[in-house]
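> Please read through the structure below; I'll follow up with questions.
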Amino acid sequence: MAFRRLKQTKPFDESDSLKIWYINFSKKEEGVIFKPTSAFPPLKVRRDFLENIRQQLKSNYKLVIIDAQGLVSCAELSLPDKMSLIILGKKRYADSASFAKGFLHELGHSLGLRDEGMDSDSSCPPGPPNCAATKEQALNWWGDLVGKDERVNYIAGCCGNKDYIRPTIASYMNNPDKAGDFGPVNERYLRKILTRDSDYFSTIFPNKK
């Protein structure tokens, strides 16, 4: 459901560059490759395993770990051309639709999108394209869309700070359960990186039972 939803979501539905690979692990393999930690991210992955994937793909990628028994979902705030982890705890979500939207939210982080909510961790830094520390930054980043797109404005609060500014009231990066898309500013950013280099989007989806 989550991966079908990705291909139906703007601007990913416009791109042919997305590659998805699935890996199934035995319990024994899981115990060797993944180790729980008390730090972030909550799973440590063997470096040789990650490097072997990179060598096989000849590119960087996003490693998505589906934890069927987990309650924690998180992703490293990263750039499109960097390898990073996305962890999805299935027990956190009420149904498959909520899980799919949660995946899109975490994927956004792995591609450089900030949290647009007020309940975000205080360590989330403001930054482009969707959480400005000042009105001047917001004007530079999405001011050209204000007045042209009725959804885009200068909305108070993002990255857990009421003084920061986000571009829309609702998007997958704010409250994914109540949103229907990434929003115009985030979609423009994602569209640019999707067309820039298809190697950014070789994606691995191992199923962690």
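> Calculate, for residue 5 and residue 79, the FRET efficiency according to 1/(1 + (r/R0)^6) with r their C-beta to C-beta distance and R0 30 Å; round to the nearest 0.05. Please report the intermediate quantities before stating the final value.
Details: r = 23 Å, r/R0 = 0.77.
FRET efficiency, residue 5 to residue 79: 0.80.
> Counting other beta carbons within 10 Å of each Cβ, put 165, 155 in order, fewest first. Walk me through the numbers before you get to the answer.
On the way: 165 25, 155 17.
Sorted ascending by nearby Cβ count, the order is 155, 165.
> Still on this structure, please answer the following. Pairs of Cα atoms under 8 Å, at least six residues apart: use those to get the relative contact order of region 69-145, whole percent.
Numbers: 93 pairs, mean separation 19.3, N = 77.
Answer for region 69-145 is 25 percent.
> To continue, here is another question. Over the chain, what is the relative contact order in whole percent, taking alpha-carbon pairs under 8 Å and six or more residues apart? Don't skip to the end; give the middle numbers.
Details: 406 pairs, mean separation 58.5, N = 209.
28 percent.
> Report, ordered by chain and residue number, the lysines lying within cross-link reach of residue 19, taken as a straight Cα distance under 19 Å and ignoring same-chain residues fewer than 8 apart.
Counting by Cα, and skipping residues close in sequence, residue 19 has these lysines nearby: 7, 10, 58, 62, 82, 192.
> What does the charge add up to near residue 154, with Lys and Arg as +1, Asp and Glu as -1, over the other residues with Cβ less than 9 Å from its Cβ? Don't skip to the answer; put the middle values down first.
On the way: positive: 135, 166; negative: none.
Net charge in that neighbourhood comes out at +2.
> Calculate the FRET efficiency for residue 153 and residue 181 from the Cβ-Cβ distance with a Förster distance of 22 Å, rounded to the nearest 0.05. Working shown, then result.
Working: r = 16 Å, r/R0 = 0.74.
Efficiency, rounded to the nearest 0.05: 0.85.
> Multiply the residue separation of residue 58 and residue 136 by 0.36 nm, subtract the distance between their alpha-carbon atoms, and state the gained length in nm to one decimal. Walk me through the numbers on the way to the answer.
Numbers: separation 78, 0.36 × 78 = 28.08 nm, distance 3.99 nm.
Going from the current span to full extension adds 24.1 nm.
> If the rule is a partner Cβ under 4.7 Å, which cysteines in the chain fail it?
So far as the 4.7 Å Cβ criterion goes, 74 stand without a partner in the chain.
> At a 10 Å Cβ-Cβ cut-off, how would you order 152, 146, 64, fewest neighbours first?
146, 152, 64
> Straight-line reach from residue 28: which aspartates and glutamates have a Cα under 19 Å away, not including same-chain ones fewer than 8 places off?
48, 67
Taken together, the values in this text are just the output of simple stated rules run on the coordinates, not laboratory data. Everything numeric in this text was worked out from a predicted model, so none of it was measured. Heads up, the Cβs are rebuilt from the backbone with ideal geometry, glycines too, and the neighbour counts pull from every protein chain shown.
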